[in-house]
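> Take this structure, written in structure tokens, and hold onto it; I'll ask about it next.
The values are calculated or read from the model by the stated rules, or taken from the named source; none is laboratory data. Remember, predicted model here, so these are calculated numbers, not experimental data. Note that we place each Cβ from the backbone using ideal geometry, even for glycine, and neighbour counts take in every protein chain shown.
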């Protein structure tokens with residue numbers, strides 16, 4: 001009798017060792033100098049899928065390649081499309097890592113490495129769950145398409161065109177994605193929403209060149225001061241985004257969902273202490289979890305202007321740049337947000353400078369009803385693996401492709417993630433609990449078994 | 001009969017060549033990696049002063065050395081202290097220079113190099129004016145102390161202690177400084193004021209580390225947004241500095257000076273076009289020249305926060321930094337300004353972040369009456385050298401040591417400069433007109449002759 005769970009238990013050490021090889025490849029998609037590494041990660045992944053018994057190929061795109069692997073030996077069983085990404089965020093600031101970002105290090109029951117949680121670690125759990133079935137039963141309980149991209153961290157510019165051009169090959173009954181977190185340690189979770197994203201650069205230009213702040217200061221606008229005024233104009237005193245029209249399409253969530261959110265075991269003071277901030281802030285009238293899941297945001301991601309080295313340089317800079325992004329909630333649309341931001345900048349742009357808005361990327365928000373047999377199977381699988389029934393939760397982050405999958409493939413998306421709050425995604429010292437890596441593989445193996453039963 | 005002017009005319013090519021050797025030494029005082037170069041510049045300068053016939057020495061300080069050179073062979077004649085600096089501003093942004101900053105290049109009658117105008121070029125004019133007298137008369141018309149420091153661009157931290165400890169050696173009847181500009185090409189000028197400076201860094205700190213802007217955005221304050229709000233709070237809608245008490249000590253200038261300023265040949269539209277800005281801005285109620293000379297400012301000199309590379313990184317940064325400086329006018333005092341800025345930051349600091357103010361350096365403003373025999377001699381010398389009577393003008397920049405010289409040595413300061421507006425001080429493509437280098441040497445030789453007559 002096939003025993004996929006026994007197989008998992010006896011091969012966990014090898015699974016981790018393989019994951020560490022994956023994590024050692026610095027597949028930073030946003031940085032051109034890592035293009036070769038990103039491609040190497042795709043090849044490594046395709047080989048592991050082939051080893052398991054899937055038919056894998058590397059599909060070139062105008063950017064980083066897509067890894068596509070298939071297995072269709074279960075006629076009559078449903079087809080599951082597993083989506084993940086093998087690219088990672090840049091590791092900087094490097095000097096804030098306790099161990100090198102691309103040398104996986106185990107400390108305190110955690111795997112520390114860039115991509116451990118987002119998303120190499122979670123993607124690899126699926127592959128090992130498939131291996132457990134294949135190695136013990138010689139087949140999979142469901143038909144499978146694995147779709148792993150290398151451009152998730154730069155907005156997936158080539159993924160939707162690929163999906164549109166391959167609708168038949170990607171046809172499926174369910175999309176399963178593990179690129180999110182559990183609500184808390186030991187508490188598995190199913191996602192009911194994701195926020196969208198509008199990411200911009202704002203460029204402010206002043207004089208023909210940098211100027212001496214003594215010889216010119218006071219007579220011309222300073223792009224640094226002008227940029228600060230523009231950014232300050234993006235919020236009001238209530239913590240709301242102060243761009244006219246910005247809330248027009250924001251959904252007022254139903255009372256039931258807000259009650260479910262309120263029932264979750266969240267402690268503001270513990271959260272504040274864990275983040276080491278003097279106080280929690282945000283949009284007035286909403287709780288912390290609501291601010292994270294069902295309300296939009298506006299955050300500075302980067303600022304650069306003038307002289308930033310040591311000591312004093314009395315320069316009046318001639319340009320200033322900000323990276324500013326908005327997390328969006330249903331039913332906001334990134335293209336509408338771009339229009340609103342453009343209008344706002346025209347209205348508030350200080351005299352004496354020119355202001356340019358550059359859209360870097362955008363993605364739509366997503367919302368789901370956690371109902372039907374696939375969600376029931378996921379609930380059971382998570383409860384069996386973790387010993388606790390999963391809770392419903394929202395997602396503050398963005399996986400724009402989820403909406404596209406649902407629209408293009410006509411299949412619902414099931415999002416179950418295994419990282420934890422505080423895992424330092426997109427930050428130094430990213431980590432994944434070893435326990436979640438192991439229980440996650442069990443949960444996924446159970447899920448595929450239930451879906452094929 | 002001694003002919004210093006003839007000597008200057010026949011040695012101009014060598015003077016320029018020597019200056020270029022001086023300019024090739026990257027004596028950037030603010031950057032530790034150039035400490036050796038800064039010392040080399042001091043040694044080079046001391047050797048040139050020795051060559052002319054002065055007794056020169058290198059005086060070590062806790063920072064960069066002071067070059068001190070003396071000649072006291074004119075008993076009964078006045079003693080002139082010539083002050084200048086051999087250090088320069090950092091050259092960045094390097095990619096905006098048309099020729100390398102430390103390889104002097106002649107184009108269109110200009111000498112392009114970091115330090116050509118500020119201040120190596122101007123300091124070296126004095127040395128060549130002294131050489132013209134010494135080479136042709138075997139002596140100088142006045143007693144001379146040359147005091148050249150290597151820390152002017154970092155706030156002269158060791159100069160005042162040096163002056164206080166050497167009052168007898170530095171005793172003089174007049175301090176002469178060339179570290180400013182003429183009002184316009186062909187129009188020599190005498191300075192009646194300089195602005196002071198208060199230079200700060202503002203550090204804003206949020207969470208324990210950078211965070212994922214999706215997983216945390218909306219629930220904690222963003223240091224980038226907070227810093228922008230703080231900077232925006234520094235000005236009101238009238239272009240005035242909005243720090244309570246900031247204008248309490250600002251002198252209302254006399255009608256005569258404001259009329260002299262209004263009489264100068266300044267054209268706002270030409271100024272705007274030269275700077276390539278869409279409009280001139282500044283404090284309401286004052287002209288451009290008044291905004292530059294007799295009104296204080298607040299300028300961002302640098303901003304740094306989060307991710308500033310290419311593409312999108314969805315990070316919620318945990319810190320943000322601004323360099324912000326204020327140009328001060330009589331009778332503002334930097335230490336009082338520090339108190340006011342601290343109070344203001346306490347009042348406006350957004351919730352959820354900690355804000356730290358770091359004072360980088362400060363210097364007092366200066367104001368002079370252009371009266372007495374030394375100013376008369378300077379007027380005559382400039383008119384003979386340039387063929388035009390000098391105009392009185394204010395200075396927007398800061399040379400904090402001027403006030404200290406006057407207080408410590410009890411001698412008036414005479415500021416006559418030879419760079420021009422648009423010379424790109426503290427910016428890429430700094431330049432000095434070759435014509436001014438030459439006529440400046442003539443003017444200074446004439447000045448020393450008249451002072452000794």
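> Residue B:221 versus (1) in contact (Cβ under 8 Å) with a residue 24 or more places away in the chain; (2) over 21 Å from residue B:355 (Cβ atoms): which is the lone unmet condition?
All conditions are met except number (2).
> Please verify whether residue A:372 is surrounded by fewer than 19 Cβ atoms within 10 Å (Cβ to Cβ), free of Cβ contacts under 8 Å to residues at least 40 places away in the same chain and at positive phi, treating the condition exactly as stated.
No: the conditions fail for residue A:372.
> Answer with yes or no whether residue B:269 is within 22 Å of residue A:224 (Cα to Cα), surrounded by fewer than 22 Cβ atoms within 10 Å (Cβ to Cβ) and more than 7 Å from chain A (Cβ to nearest Cβ).
Against the criterion (within 22 Å of residue A:224 (Cα to Cα), surrounded by fewer than 22 Cβ atoms within 10 Å (Cβ to Cβ) and more than 7 Å from chain A (Cβ to nearest Cβ)), residue B:269 does not qualify.
> Taking the options B:425, B:420, B:447, name whichever one is in contact with a helix residue (DSSP H, G or I) (Cβ under 8 Å, 6 or more places away or on another chain), within 30 Å of residue B:14 (Cβ to Cβ), buried (at least 24 other Cβ atoms within 10 Å of the Cβ) and assigned by TED's automatic domain parsing to the domain that holds residue B:136.
B:447
> Scan the range B:405-453 for residues that are assigned to a loop (DSSP other than H, G, I, E, B), more than 21 Å from the chain's Cα centre (by Cα) and at pLDDT 95 or above and report the count.
Residues in the range B:405-453 being assigned to a loop (DSSP other than H, G, I, E, B), more than 21 Å from the chain's Cα centre (by Cα) and at pLDDT 95 or above: 1 in total.
> Look through A:261, A:243 and report the one residue that is more than 10 Å from every other protein chain (Cβ to nearest Cβ), over 30 Å from residue A:349 (Cβ atoms) and surrounded by 19 or more Cβ atoms within 10 Å (Cβ to Cβ).
A:261
> Considering only residues that are over 20 Å from residue B:348 (Cα atoms) and facing another protein chain (nearest Cβ under 8 Å), which ones fall in the range B:195-217?
B:195, B:197, B:208, B:209, B:210, B:211, B:212, B:213, B:214, B:215, B:216, B:217 - these are the residues of the range B:195-217 that are over 20 Å from residue B:348 (Cα atoms) and facing another protein chain (nearest Cβ under 8 Å).
> Tell me which residues, restricted to the range A:380-390, are surrounded by fewer than 19 Cβ atoms within 10 Å (Cβ to Cβ) and at negative phi.
The answer is A:380, A:383, A:384, A:388, A:389.
> Let me ask you something else. Restrict the check to the range B:180-193 and report whether at least one residue is within 11 Å of chain A (Cβ to nearest Cβ) and within 30 Å of residue B:402 (Cβ to Cβ).
yes
> Is it the case that the range B:16-32 has a residue that's touching a strand residue (DSSP E or B) at 6+ places or on another chain (Cβ under 7 Å) and modelled with pLDDT of 95 or more?
For the range B:16-32, residues touching a strand residue (DSSP E or B) at 6+ places or on another chain (Cβ under 7 Å) and modelled with pLDDT of 95 or more: present.
> Identify the single condition in (1) in contact with a strand residue (DSSP E or B) (Cβ under 9 Å, 6 or more places away or on another chain); (2) within 11 Å of another protein chain (Cβ to nearest Cβ) that residue A:428 does not satisfy, given that it satisfies every other one.
Failed condition: (1).
> Can you report the number of residues in the range A:95-121 which are in contact (Cβ under 8 Å) with a residue 60 or more places away in the chain and within 14 Å of chain B (Cβ to nearest Cβ)?
So the answer is 11.
> Residues in the range B:149-163: is at least one within 14 Å of another protein chain (Cβ to nearest Cβ), buried (at least 20 other Cβ atoms within 10 Å of the Cβ) and over 23 Å from residue B:400 (Cα atoms)?
No; the residues of the range B:149-163 include none that is within 14 Å of another protein chain (Cβ to nearest Cβ), buried (at least 20 other Cβ atoms within 10 Å of the Cβ) and over 23 Å from residue B:400 (Cα atoms).
> Related question: Residues in the range A:325-345 that are closer than 30 Å to residue B:275 by Cα and in contact with a strand residue (DSSP E or B) (Cβ under 8 Å, 6 or more places away or on another chain): how many?
Final tally of qualifying residues: 3.
> Across the range B:292-346, which residue is farthest from the other protein chains (Cβ to nearest Cβ) among those that are part of a helix (DSSP H, G or I) and buried (at least 24 other Cβ atoms within 10 Å of the Cβ)?
B:337
> Let me ask something additional. Within the range A:281-310, which residues are under 23 Å from the mean Cα position of the chain (by Cα) and without any contact (Cβ under 8 Å) to a residue 24 or more places away in the chain?
A:288, A:291, A:302 - these are the residues of the range A:281-310 that are under 23 Å from the mean Cα position of the chain (by Cα) and without any contact (Cβ under 8 Å) to a residue 24 or more places away in the chain.
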